[in-house]
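Read through the structure below, which is laid out as structure tokens, and then see the notes.
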Amino acid sequence: MVKIRHDLPRRADGLPDTDAWLSTAADGSGGEVVGTAVGLIHDDRCLEYGLEVAQLLMQLGLDTDSVVAGLLCEVAGSGLLDPAIVADRVGPGIAEQLEALLRVSSTHVYKLSSSPMVRSQAEDQVDNIRHLLVALIDDPRVAVVKLAERVVALRVAKLAAPDVQRRVANEAQRIFAPLAGRLGIWELKWALEDLAFRYLNPAEYKEIAAALDGRREEREKGVEAVVADLEGRLARAGIEADVVGRAKHIYSIWRKMGRKSIDFAQVYDVQAVRVVVERIPQCYAVLGVVHTAWHHIPSEFDDYIANPKDNGYRSIHTAVEIPGGAVLEVQIRTSQMHEESELGVCAHWSYKGEEGESLQSRKIQWLRQVLQWHDDIDVYGPDGQLSEPDSEAETDARVYVATPDGDVLDLSHGSTPVDFAYRVHTEIGHRCVGARVDGVDVPLNTRLFTGQRVEIVTGAEETPRREWLNPALGFVKTGRARAKIQSWFREQLAESNIAAGRALLFETLERLGLTVDLPELAAETGYETENHLLQAVGVGECQVIDLVRVIGQGRREAESAAIAPAPGTPPGPAIQGIRIVGDDRQGLLRDVTAVLAELDIDVVSTRARAQTAGETAMILLEVQVDNVLQFARALDRLRRVPSIREVRRT
């Protein structure tokens with residue numbers, strides 16, 4: 001695991017030794033302010049927490065104000081320190097930054113994660129993220145302090161209840177780690193991912209950690225030999241460089257195992273070597289030495305110096321085969337690039353009186369980047385679940401598409417023509433009735449790719465479709481488009497939204513063969529009346545898939561309850577029938593079974609027929625599913641298959 005901490009000095013009673021910590025952690029005028037701040041903390045738990053945050057911030061090279069704000073964030077957030085005292089004792093600048101941190105910490109993005117209606121609170125979750133961004137706009141240092149504080153929160157969560165661990169880990173994995181990556185603060189990103197992974201996937205974490213420990217001595221000896229060899233080659237070439245070995249973090253290894261469907265024994269590049277030089281020409285000179293010494297793997301080469309990532313990250317990445325057949329990753333960068341990789345965009349920010357046009361332009365660039373990250377946030381994945389990126393590369397990926405006039409717009413990875421329409425203008429989105437990509441008519445839930453030219457077909461009136469808000473149908477990727485659509489429906493008559501919500505709910509229940517007592521469902525999901533519930537469904541605030549979860553679980557956990565089990569039968573997998581009607585075409589059955597395979601649903605039997613080739617086709621399936629939620633997701637995903645008109649339970 002990535003470790004970015006040094007143990008605090010301790011007294012004989014086990015508590016932190018603040019005198020010893022201050023003597024090594026702070027000096028000069030900054031040290032005096034830090035010492036004063038330490039004296040304001042009279043709670044042992046808050047003191048230890050604050051020292052951990054402050055130490056991490058100092059390791060990242062932040063200024064004194066940020067360190068002190070991090071030091072005081074926990075005691076102030078716990079209500080044990082009057083913010084007015086902070087301004088008087090350590091200065092108004094620190095007090096303002098601490099106030100911004102407290103605003104960020106006042107809400108939690110996943111505070112409702114224990115509720116079956118979590119996805120119905122999408123608007124609240126986005127509002128919480130906006131609280132975070134408002135704080136960042138006030139002072140970008142708050143981003144770094146908050147990320148460091150979340151790392152410490154994950155560390156101390158090992159003593160918390162499992163539900164608290166999962167909530168904190170979910171926040172870290174789905175909000176704060178992507179933000180750290182967007183800002184290029186890789187050390188914090190890796191720490192957040194590894195610590196969150198430990199709570200969310202404890203068995204996999206322990207398995208990989210044990211495997212790393214088991215091979216550690218052999219691996220370290222191999223890397224030490226390569227480091228010594230490379231240092232000698234660079235010295236003979238007249239290149240001064242700092243060469244160090246670096247372990248890959250556990251979450252990254254797990255993701256690679258999943259992407260490539262391999263086990264740990266087949267992950268050869270679990271160690272990497274970093275080479276740091278002073279000038280860019282030396283980076284390419286080092287690259288030449290590395291490729292001359294060992295056989296390089298062309299598919300693993302990336303030049304982020306010539307082509308920096310969107311977040312400004314710069315480095316050369318290559319991979320070589322070292323003696324013994326192992327693969328070693330090599331990163332080459334300048335010392336300035338290395339500093340940037342640790343602190344990200346904030347490494348360019350001066351807090352000591354820099355003025356003028358340069359500062360303003362940097363702030364504009366920074367805010368544009370963070371706001372762009374916010375536009376990318378969507379709390380849903382393609383199957384209606386809270387989403388996370390498919391890979392580290394996808395986190396930073398952007399799609400660049402052109403308008404008919406040749407203007408280029410950038411969208412988040414996986415965006416659709418609907419997202420494109422709302423990016424152009426809200427009115428264009430509301431009036432969107434179709435789309436053409438490179439001159440060809442396409443469905444509105446088609447994924448867009450870089451280089452395509454997109455044209456939106458508009459109608460005379462604003463007529464957004466409610467199905468765009470169904471995450472399982474894949475019409476909308478970005479939070480921006482989703483918010484605009486929901487806002488339009490909220491402005492419609494309540495009666496219209498109630499009727500639409502009723503139709504959406506009962507259409508789904510009919511496909512699933514389920515019945516429901518609406519007043520009881522409304523009460524169980526926290527709505528005053530059934531009309532309030534149906535109106536929430538009609539405007540997209542409450543997703544039908546969430547209601548299906550509640551209905552299907554029968555006051556038991558949805559993941560363990562089978563669909564309509566026979567009386568006296570224990571919950572478990574059940575065989576269900578699916579009837580599919582669509583336009584006959586080549587590959588239709590293949591596409592249907594591919595969807596089910598992707599959802600890990602076993603097909604027990606299949607019957608397909610078409611009255612006349614090329615006309616209407618009917619497919620009858622029997623599948624084995626674990627619960628009603630899995631079955632509902634399957635029906636929704638099958639509706640997305642091209643040329644399918646109807647999907648329902650038999």
Counting only residues 5 or more apart in sequence or on a different chain, those whose built amide H sits under 5 Å from that of residue 334 are 277
Kirkwood radius from Cα pairs of the stretch 398-490 plugged into Stokes-Einstein at 20 °C, 1.002 mPa s, gives D in µm²/s equal to 167 µm²/s
Computed ³J(HN,Hα) along the stretch 444-449: with the Karplus parameters 6.51/-1.76/1.60, θ = phi - 60°, integer Hz and x for glycine or proline, the list is 6, 9, 6, 6, 9, 10
Residues whose built amide H sits under 5 Å from the amide H of residue 434, excluding neighbours closer than 5 in sequence, are 457
From the Cα centre of the stretch 54-73 to that of the stretch 612-650, the distance in Å is 55 Å
Taking 61-70, 505-514 and ranking on average Cβ neighbours within 10 Å, highest first, one gets 61-70, 505-514
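Rule-based calculations on the coordinates, nothing more; no lab input. Everything numeric here is computed off the predicted structure, so don't read it as measured data. Please note: Cβ atoms are built from the backbone with ideal geometry, for glycine as well, and neighbour counts cover all protein chains shown.
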